[in-house]
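Nothing in this text is a laboratory measurement; each read-out follows from the coordinates by a stated rule. Bear in mind that the values here come from a model prediction, so they are computed numbers and not experimental data. Positions of Cβ are generated from backbone atoms using ideal geometry, with glycine treated the same way; all protein chains shown enter the neighbour counts.
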Amino acid sequence: MTYATQQNLIDRFGSEELLSLTDPANTGTINATTVNTALSDAEEVVNGYIAAKVDLPLVNTPAILVHLECDIARYLLYGAYPTDLVKERFEEAKRTLRDIGKGIFSLGLDQANHDVVVNSPAFIESSASVFGRDQY
């Protein structure tokens with residue numbers, strides 16, 4: 001199962017763009033098979049980067065993975081002729097995935113792939129000061 005859906009692509013990039021990328025015969029219908037193939041291929045790219053940091057499959061899908069998978073799938077749908085913006089977003093997605101794999105960018109998941117929830121505030125306590133007006 002992919003992190004993103006065809007509807008996520010439509011919400012982000014519009015149905016007209018998706019139609020133009022998946023309907024070369026001009027039938028007027030988005031080709032769901034083409035979209036699902038691109039999403040599946042994009043998921044493999046995402047998983048390839050994040051598998052070093054989290055156990056797969058994920059229990060919960062962080063929103064950032066939906067975003068990144070959409071950018072990668074869009075790039076794949078453009079084939080040999082992506083626009084500069086599409087290439088930029090693809091490269092940025094790969095950089096973010098590298099950062100996730102290195103632990104620089106967190107998905108907000110614990111070891112069991114559940115969302116990390118912090119229920120208690122952090123407290124900082126220090127010892128008494130070493131130097132002051134009354135201390136020499």
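Report the per residue volume, in Å³, of the convex hull enclosing the C-alpha atoms of the stretch 15-65. Don't skip to the answer; put the middle values down first.
Details: hull volume 5.0 nm³, N = 51.
Dividing the Cα hull volume of the stretch 15-65 by its residues yields 99 Å³.
Placing a pseudo-label 7 Å from each Cα along the Cα-to-Cβ vector at T5 and F105 gives an inter-label distance of 2.4 nm. In this Cβ point-charge picture (+1 for Lys and Arg, -1 for Asp and Glu), the stretch 6-102 has a dipole of about 280 debye about its Cα centre. Highest-first packing order for the peptide set 95-108, 31-44 is 31-44, 95-108, based on the mean count of other beta carbon atoms within 10 Å. For L109, the residues 5 or more places off, or on other chains, whose built amide H falls under 5 Å of its own are V116. Rounded to whole numbers, the Karplus 3J(HN,Hα) couplings from phi for the stretch 50-63 are 8, 4, 5, 10, 10, 7, 10, x, 6, 6, 10, 9, x, 4 Hz, using 6.51 cos²θ - 1.76 cosθ + 1.60 with θ = phi - 60°, and x at Gly and Pro. In whole angstrom, the stretch 6-102 maps to an equivalent ellipsoid with semi-axes of 25, 14, 11, each derived as √(5λ) from the alpha carbon gyration tensor and ordered largest first.
Highest average first, the peptides 47-57, 9-19, 64-74 ordered by how many other beta carbon atoms sit within 10 Å of their residues are 64-74, 9-19, 47-57. Counted by Cβ distance under 13 Å from E88, the other residues give a net charge of +1, where Lys and Arg count +1 and Asp and Glu count -1.
Which number comes out as Rg/Rh for the stretch 64-103 once both Rg and the Kirkwood Rh are worked out on C-alpha atoms? Present the calculation step by step, with values, prior to reporting the outcome.
Working: Rg = 10.3 Å, Rh = 10.2 Å.
My calculation of the ratio gives 1.01.
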